[in-house]
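A quick write-up on the structure given underneath.
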Amino acid sequence: MSSTVTPTLSTSRSIVSHSTVIISIPVYNEARFIQATLESVCKQCHQDFAVLISDNASTDGTDLICKQFEARDPRFRYVRQFSNIGSARNFEFLRAASSSPFFAFVGGHDLLHPGYLGRHLGALISDPKLAASYTPFEYIDLHGAVIGRAQRGGLTSGRSTAPLMRYIWSMVALEVCPIHAVFRRDMMSKLPIRACPGADHLFLSNCLLNGYFQPLIDHLYQLRQFGPRGGSEAYMARITGSANVSSCFQGLIDAYLADFDLLFPPGSRGRILRGLAHWILRDHLGTRPVRVTKLLRSAAKRWHFVRSHLKRGGER
């Protein structure tokens with residue numbers, strides 16, 4: 001049975017629970033695409049799962065399509081928010097309102113390969129130190145045609161890499177954002193999902209403090225690409241639920257720096273690392289670019305490339 005809930009950052013009870021994995025789908029005005037998304041979930045080779053859909057007060061008929069799936073398949077549960085609470089709070093609601101060892105975010109306009117869920121669960125179950133398993137994206141247009149592929153790589157740095165280095169590396173690789181991954185819930189259940197541009201990057205960085213990420217080789221997730229969706233005000237309305245919020249990435253920079261204050265109390269080490277983080281973020285997010293930071297990021301990427309090749313050579 002579908003239900004309407006009050007907009008809240010957390011919930012005192014689990015709406016959906018499952019012994020293995022819950023696929024969470026945040027939606028907002030996805031009537032054009034949600035049917036195909038849910039069909040791709042139904043076609044998974046691994047069929048033991050539950051689905052929680054949280055509708056951010058859509059006005060285009062998204063609710064009718066989701067309710068049809070809920071009526072025909074007991075694994076699906078549809079919940080509608082009273083008002084638009086923004087995508088960040090909707091993500092947080094989905095996490096708080098579900099209970100399972102593993103957890104996945106799937107976009108309401110994206111598509112899954114039939115092997116997506118089984119492949120990721122296999123990787124996570126076989127390695128208890130793995131925080132998330134993800135796949136490089138295959139990009140599709142509004143009609144579902146493949147228009148490009150992302151390269152493998154990004155946030156993987158190996159299980160032997162120190163947590164802090166994984167965290168810093170995630171800032172260097174901000175262009176890679178595998179938020180649509182399958183996560184080990186106990187490594188991400190208490191992490192913040194802030195209502196600011198790029199909030200998913202900060203969430204992933206925090207998750208990397210608890211474990212490492214591993215990409216699969218195959219492209220098992222199709223990410224739909226859109227043209228301009230109404231400018232910065234429309235973008236911020238989707239993220240926060242209000243258009244009266246600046247789309248400047250300074251909010252993300254401030255959130256990262258606040259993180260460093262928590263990780264490192266005042267002291268010389270904390271000041272150095274906080275300054276390094278500030279340089280990287282200012283350069284990468286386009287605020288007062290610093291030439292030396294570009295060189296630093298380039299060197300870090302080269303070091304990571306060489307290190308991975310040396311490691312593979314030693315394992316032969």
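I'd like to know if segment 153-164 contains one or more residues that are touching a residue at least 24 places away in the same chain (Cβ under 8 Å), under 20 Å from residue 40 (Cα atoms) and in contact with a strand residue (DSSP E or B) (Cβ under 9 Å, 6 or more places away or on another chain). No, there is no match, as no residue in segment 153-164 is touching a residue at least 24 places away in the same chain (Cβ under 8 Å), under 20 Å from residue 40 (Cα atoms) and in contact with a strand residue (DSSP E or B) (Cβ under 9 Å, 6 or more places away or on another chain). Against the conditions (1) open to solvent by less than 40 Å² (accessible area, probe 1.4 Å); (2) among the small types (Gly, Ala, Ser); (3) not in a helix (DSSP H, G or I), residue 88 satisfies every one except (3). Given the criteria out of contact with any Lys or Arg (no Cβ under 7 Å at 6 or more places or on another chain), modelled with pLDDT of 95 or more and among the hydroxyl-bearing types (Ser, Thr, Tyr), does residue 62 qualify? For residue 62, the condition - out of contact with any Lys or Arg (no Cβ under 7 Å at 6 or more places or on another chain), modelled with pLDDT of 95 or more and among the hydroxyl-bearing types (Ser, Thr, Tyr) - is met. Quick check on this structure: which one of 33, 93 is more than 27 Å from residue 139 (Cβ to Cβ) and buried (at least 16 other Cβ atoms within 10 Å of the Cβ)? On inspection, the qualifying residue turns out to be 93. The set of residues from segment 15-67 being in contact (Cβ under 8 Å) with a residue 40 or more places away in the chain, β-branched (Val, Ile, Thr) and in a helix (DSSP H, G or I) comprises 34, 37, 41, 62. Is segment 31-50 home to any residue that is at pLDDT 95 or above, under 19 Å from residue 102 (Cβ atoms) and acidic (Asp, Glu)? Checked segment 31-50: at least one residue is at pLDDT 95 or above, under 19 Å from residue 102 (Cβ atoms) and acidic (Asp, Glu).
The values are calculated or read from the model by the stated rules, or taken from the named source; none is laboratory data. Model, not experiment: these values are computed from the prediction. Cβ sites come from the backbone with ideal geometry, for glycine too, and all protein chains shown count toward neighbours. All accessible areas refer to the heavy atoms of the entire protein, side chains included, with ligands and DNA or RNA removed. Shrake-Rupley method; radii C 1.70, N 1.55, O 1.52, S 1.80 Å.
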